[in-house]
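One structure is given here, and the rest of the page talks about it.
The values are calculated or read from the model by the stated rules, or taken from the named source; none is laboratory data. What you see is a predicted model, and the numbers here were worked out from it, not measured in a lab. Note that each Cβ is placed from the backbone with ideal geometry, even for glycine, and that neighbours are counted across all protein chains shown.
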Amino acid sequence: MDHDAPHSLHQQPVPGEERFLCLALVNTRYALSHGQVDLLEDPGAAHLWLVRHELLPDRTKLTGRHIARLRALREALRELFAARAAGTAPPAAALDTVNAALAAAPPTPRLDWSGREPRRADEPDAANPVGAALGALAEDGAELLTGADAGRLAPCGAQGCTRWFLRSHAARRWCTTKCGNRVRAARHYASRKSPADPPPGRPAP
Ligand SMILES: [Zn+2]
């Protein structure tokens, strides 16, 4: 089986995804010109996404229920991001979903000092690998929402784009240069068709 997604599914990663997996998770659902793409649409696709992000051992099987929980966590994080960005109260159900994922398979705290410096090396719950993966994503979401970067969380302003990103500066409105260029091209096209221009037509006889 070919594990590589078709080229058309690849999007430029948005700023912040390299540091926050929760951001990569909410952006697994996005729009392309020919329709919606969902990188978690079935157990095979979701398994690939989790393994690629080093959240799940390759041998772990995913069931339909696991996928439902993963997708519910994605939608809950999306709603919490929207509430944070808008400065509104979060939907209670979304908060419950994230808190349930945090509580389901907490890692065992551990201090490692095998190298020169001591470091935290919390151990995921090996008995519940899917719960641990969801917990790690929920934890990452909680870190983002409560950390110094929370104020930079923004939805892409390009029409039809559903992705979230971390603003590199306050004025940034597009998730990627691709979205920015698309908006600029649309504006340019609209301005060329504005009523100020003479209407196209045949010259008067
Ligand atoms: Zn965008």
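Residue pairs, Cβ under 9 Å, 6 or more apart or interchain, first in the range 133-162 and of a type in the set (K, R), second within 16 Å of the ligand (Cβ to nearest atom) and not in a loop (DSSP other than H, G, I, E, B). List them. Listed by first residue and then by second, the contacts come to R152/F165; R152/L166. Applying a threshold of 6 Å to beta carbon distances and a minimum spacing of six or more residues, or different chains, the list of pairs starting in the range 49-72 at a residue that is free of Cβ contacts under 8 Å to residues at least 40 places away in the same chain and ending at one that is surrounded by 10 or more Cβ atoms within 10 Å (Cβ to Cβ) and of a type in the set (S, T, N, Q) reads A72/T97. Which of (1) hydrophobic (A, V, I, L, M, F, W, C); (2) surrounded by fewer than 18 Cβ atoms within 10 Å (Cβ to Cβ); (3) modelled with pLDDT of 95 or more is the odd one out, the single condition A5 does not satisfy? That leaves (3) as the condition not met. Criterion applied to A86, A103, A92 was being without any contact (Cβ under 8 Å) to a residue 60 or more places away in the chain and under 19 Å from A127 (Cβ atoms), and the one residue passing it is A103. Checked against (1) free of Cβ contacts under 8 Å to residues at least 60 places away in the same chain; (2) of a type outside the set (S, T, Y); (3) within 14 Å of the ligand (Cβ to nearest atom); (4) under 17 Å from A82 (Cβ atoms), A185 passes all but condition (4).
Taking the range 131-160 as the range and being of a type in the set (D, E, K, R) and either buried (at least 22 other Cβ atoms within 10 Å of the Cβ) or touching a Phe, Trp or Tyr at 6+ places or on another chain (Cβ under 9 Å) (or both) as the test, the residues that pass are D140, E143, D149, R152.
Only residues that are near the ligand (Cβ under 9 Å from one of its atoms) and touching a Leu at 6+ places or on another chain (Cβ under 8 Å) were counted across the range 145-163, and they come to 0.
The number of residues in the range 91-125 being of a type in the set (G, A, S) and exposed (fewer than 11 other Cβ atoms within 10 Å of the Cβ) comes to 3. Can you tell me which residues in the range 165-182 are assigned to a helix (DSSP H, G or I), surrounded by 12 or more Cβ atoms within 10 Å (Cβ to Cβ) and either touching a helix residue (DSSP H, G or I) at 6+ places or on another chain (Cβ under 8 Å) or touching a residue at least 60 places away in the same chain (Cβ under 8 Å) (or both)? The answer is K178, and nothing else.
Return yes or no: is D96 over 16 Å from C22 (Cα atoms), away from the ligand (no atom under 14 Å from the Cβ) and in contact with a Pro (Cβ under 6 Å, 6 or more places away or on another chain)? Answer is no for this residue. Would you say L166 is at pLDDT 95 or above and within 16 Å of the ligand (Cβ to nearest atom)? For L166, the condition - at pLDDT 95 or above and within 16 Å of the ligand (Cβ to nearest atom) - is met.
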